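Below: the structure, in structure tokens.
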Amino acid sequence: MTTFPRVPADLFRFTTTAHAELHTAVMRVFGVANERLQTVLTADDVQQRLRHVGWSEQVTDDDLQASLTALRGWGLLDATQQRYGLTRLGEAACAGLQQALDTLTSNGSLQTAVLDAIAAHLDELQKPLDDRGSFTALTQLEGHLEAFETGTTRFNADLQRLLRDEQTDLATFQDVKRTTITYLRDFIADLDARKQKIREAIASIDAAELHERARNGAGLHQSDELWLQQRKERWSNLKSWFHDNPPRVDELQDVSRKAIVQLLRVLDRISEQRKPTNTAADFRALALWFARTETEDEAHELFNAAFGLWPARHAHLAHADGELMPSGEAWHNTPPVPVSPQLRATGKQEHIGSTGKVRNVDEVRRNRRERAQKEREELEHAWSQIQTDGAVRISTLTNLDHDTFHRLIDLVGRALGSDPDSTGTRTAGTSDGRMQINLRNARGWATMTTQKGTLSGPDYVIDVQSR
């Protein structure tokens, strides 16, 4: 019979009592202190630090002592000479509570930057590294893989919950649709190339040798075998995502595309439900009104009001002096308007203008082709000016025309909007995938001058390359 580890019954009991908020605040105080390597606190220390973790109410010494006693009774704290510290159960409770709050308040996301970071660390691990370098690169690789898994799982869970929620408002679905379209454009567009690059890197690395070097670089003093087993499991998880046949990332791609179709269908259904009425409902209501009429005249009046099928009055014809006719006067009280016999017979006026000449669009097409060709040449010139042969400072790029400078600033802005990797480098690309920029912070200030003015800002180190 298969068994699973059981969570101690009192591990999260402090969150379910009448004084759960105070207990949680006290545990948070110990958790923050533990992060700062302060393993023991007195009751006075806890009293002083409650405000720093967000507790704004005054706590009496008796209430605080009662909370500490309760937490100690549940095995979350131990005490020696009125000095309290977290037990192993207490550390687990703090970590579990923080994880639960993070899950409840965060949203999933799919970021191509995470895949690029995974590929970059795999490239680094293919190079000759010492033991400590191998340990550092492997740890960073596992961190990015965990971030990718967490974001993917939460994104898919949020999406599936939204598909099941029949009460979701139309505005929410509009936001989700835009988010999903953005995901498809940014994530799936180059997914095959990224997946292949990661797969080739995984195949070229000897996992056993890598883990042995990383273990030596970790400087472990105990539980070496357990540490190695964890590394093997995480490497196997990495292979299941990108190397196995078929890889799990393909399943993610299929699930996301199917979710797009379902989202659009649910969006149409919600839009239809939000319409105040439809044609079938209109006719049913009109039939009910007809059934309630008492005379034939009332039925005709209702018919005219509903469909407006009165006899033709040639309302487009006007009197010779229309200002003499009051706008509110009934038509049968006004003088008649002469109607042309041709209008009576054919529905057309006597004077018919000549047919307009067909416009020659050859000149327009030629001008458009020339303009498009000129724009392509300008774009090629701009990229050739921006492209660097390596990492350079922005201040070294002089003599840029204004349009080229505008494209450079746009690339820098895209990079600043992305998350930095472990080395502090931010990466971004153009929407067409033509150019890529790697940006790092630098000390100093740069001043750029073009035909339309001067711009000053940080002197970043950039590397602009074509893909």
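For first residues located in region 294-318 and within 21 Å of residue 332 (Cα to Cα), partners that are loosely packed, with under 10 Cβ neighbours inside 10 Å and at pLDDT below 60 and lie 6+ apart or on another chain with Cβ distances below 9 Å form the pairs 304/310. Mind checking which residues of region 391-446 are part of a strand (DSSP E or B), of a type outside the set (A, V, I, L, M) and under 20 Å from the mean Cα position of the chain (by Cα)? 426, 427, 429, listed by residue number.
List the number of the failed condition for residue 415; all other conditions in (1) over 30 Å from residue 142 (Cβ atoms); (2) of a type in the set (A, V, I, L, M, F, W, C); (3) out of contact with any helix residue (DSSP H, G or I) (no Cβ under 7 Å at 6 or more places or on another chain) hold. Going through the list (1) over 30 Å from residue 142 (Cβ atoms); (2) of a type in the set (A, V, I, L, M, F, W, C); (3) out of contact with any helix residue (DSSP H, G or I) (no Cβ under 7 Å at 6 or more places or on another chain), residue 415 breaks only (1). Scan region 433-446 for residues that are farther than 15 Å from residue 393 by Cα and either open to solvent by 50 Å² or more (accessible area, probe 1.4 Å) or in contact with a Ser or Thr (Cβ under 9 Å, 6 or more places away or on another chain) (or both) and the total you get is 3.
To keep it simple, each residue is scored yes or no on (1) at pLDDT 85 or above; (2) under 28 Å from residue 235 (Cα atoms); (3) in contact with a Ser or Thr (Cβ under 7 Å, 6 or more places away or on another chain).
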{"residue": "75", "(1), (2), (3)": "yes, no, yes"}
{"residue": "105", "(1), (2), (3)": "no, no, no"}
{"residue": "109", "(1), (2), (3)": "no, yes, no"}
{"residue": "112", "(1), (2), (3)": "no, yes, no"}
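With respect to the stated conditions, residue 35 is out of contact with any Gly (no Cβ under 7 Å at 6 or more places or on another chain), acidic (Asp, Glu), closer than 19 Å to residue 78 by Cβ and open to solvent by 40 Å² or more (accessible area, probe 1.4 Å). Among the listed residues 208, 189, 157, which satisfies the condition of being of a type outside the set (Phe, Trp, Tyr) and at pLDDT 80 or above? After applying the criteria, what remains is 208. Taking the conditions (1) among the charged types (D, E, K, R); (2) outside any helix (DSSP H, G or I); (3) more than 41 Å from the chain's Cα centre (by Cα) in turn, residue 57 satisfies each one other than (3).
Selection over region 205-245 of residues that are over 33 Å from the mean Cα position of the chain (by Cα) and open to solvent by 40 Å² or more (accessible area, probe 1.4 Å) gives a count of 16.
Could you please let me know if residue 60 is without any contact (Cβ under 8 Å) to a residue 24 or more places away in the chain and surrounded by 14 or more Cβ atoms within 10 Å (Cβ to Cβ)? For residue 60, the condition - without any contact (Cβ under 8 Å) to a residue 24 or more places away in the chain and surrounded by 14 or more Cβ atoms within 10 Å (Cβ to Cβ) - is not met. Filtered by the rule that a residue be assigned to a loop (DSSP other than H, G, I, E, B) and either free of Cβ contacts under 8 Å to residues at least 40 places away in the same chain or among the small types (Gly, Ala, Ser) (or both), region 5-49 gives 5, 6, 7, 9, 16, 18, 36, 37, 38.
Each residue in region 447-465 was checked for being part of a strand (DSSP E or B), within 33 Å of the chain's Cα centre (by Cα) and surrounded by 12 or more Cβ atoms within 10 Å (Cβ to Cβ), and 8 pass.
Restricting attention to region 33-53, which residues are β-branched (Val, Ile, Thr) and either modelled with pLDDT of 85 or more or over 34 Å from the mean Cα position of the chain (by Cα) (or both)? Answer for region 33-53, where residues must be β-branched (Val, Ile, Thr) and either modelled with pLDDT of 85 or more or over 34 Å from the mean Cα position of the chain (by Cα) (or both): 39, 40, 42, 46.
Determine if region 79-88 includes at least one residue that is part of a helix (DSSP H, G or I), within 28 Å of residue 9 (Cβ to Cβ) and among the polar types (S, T, N, Q). No: region 79-88 contains no residue that is part of a helix (DSSP H, G or I), within 28 Å of residue 9 (Cβ to Cβ) and among the polar types (S, T, N, Q). Of all the criteria given as (1) open to solvent by 100 Å² or more (accessible area, probe 1.4 Å); (2) under 36 Å from the mean Cα position of the chain (by Cα), the one not satisfied by residue 24 is (1).
Here is a yes/no grid of residues against (1) within 33 Å of the chain's Cα centre (by Cα); (2) modelled with pLDDT of 75 or more; (3) among the β-branched types (Val, Ile, Thr); (4) closer than 30 Å to residue 437 by Cα:
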site	(1), (2), (3), (4)
333	no, yes, no, no
339	no, no, yes, no
365	no, yes, no, no
379	yes, no, no, yes
383	yes, no, no, yes
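Let's see how each residue does on (1) under 30 Å from residue 339 (Cα atoms); (2) open to solvent by 100 Å² or more (accessible area, probe 1.4 Å); (3) at pLDDT below 90:
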{"site": "274", "(1), (2), (3)": "no, yes, yes"}
{"site": "282", "(1), (2), (3)": "no, no, yes"}
{"site": "291", "(1), (2), (3)": "no, no, no"}
{"site": "305", "(1), (2), (3)": "yes, no, yes"}
{"site": "313", "(1), (2), (3)": "yes, yes, yes"}
{"site": "318", "(1), (2), (3)": "yes, no, yes"}
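What residue, of 410, 421, 401, is open to solvent by less than 90 Å² (accessible area, probe 1.4 Å), modelled with pLDDT of 75 or more, within 29 Å of residue 140 (Cα to Cα) and not β-branched (Val, Ile, Thr)?
Numbers: 410 fails: within 29 Å of residue 140 (Cα to Cα); 401 fails: within 29 Å of residue 140 (Cα to Cα).
On inspection, the qualifying residue turns out to be 421.
The values are calculated or read from the model by the stated rules, or taken from the named source; none is laboratory data. Every value quoted in this text rests on a predicted model; they were computed, and no experiment measured them. When we count neighbours, we look across all protein chains shown, and the Cβ atoms used for this are built from the backbone with ideal geometry, even at glycine. Heads up: the accessible areas ignore ligands, DNA and RNA and are worked out on the full protein's heavy atoms, side chains in. Shrake-Rupley method; radii C 1.70, N 1.55, O 1.52, S 1.80 Å.
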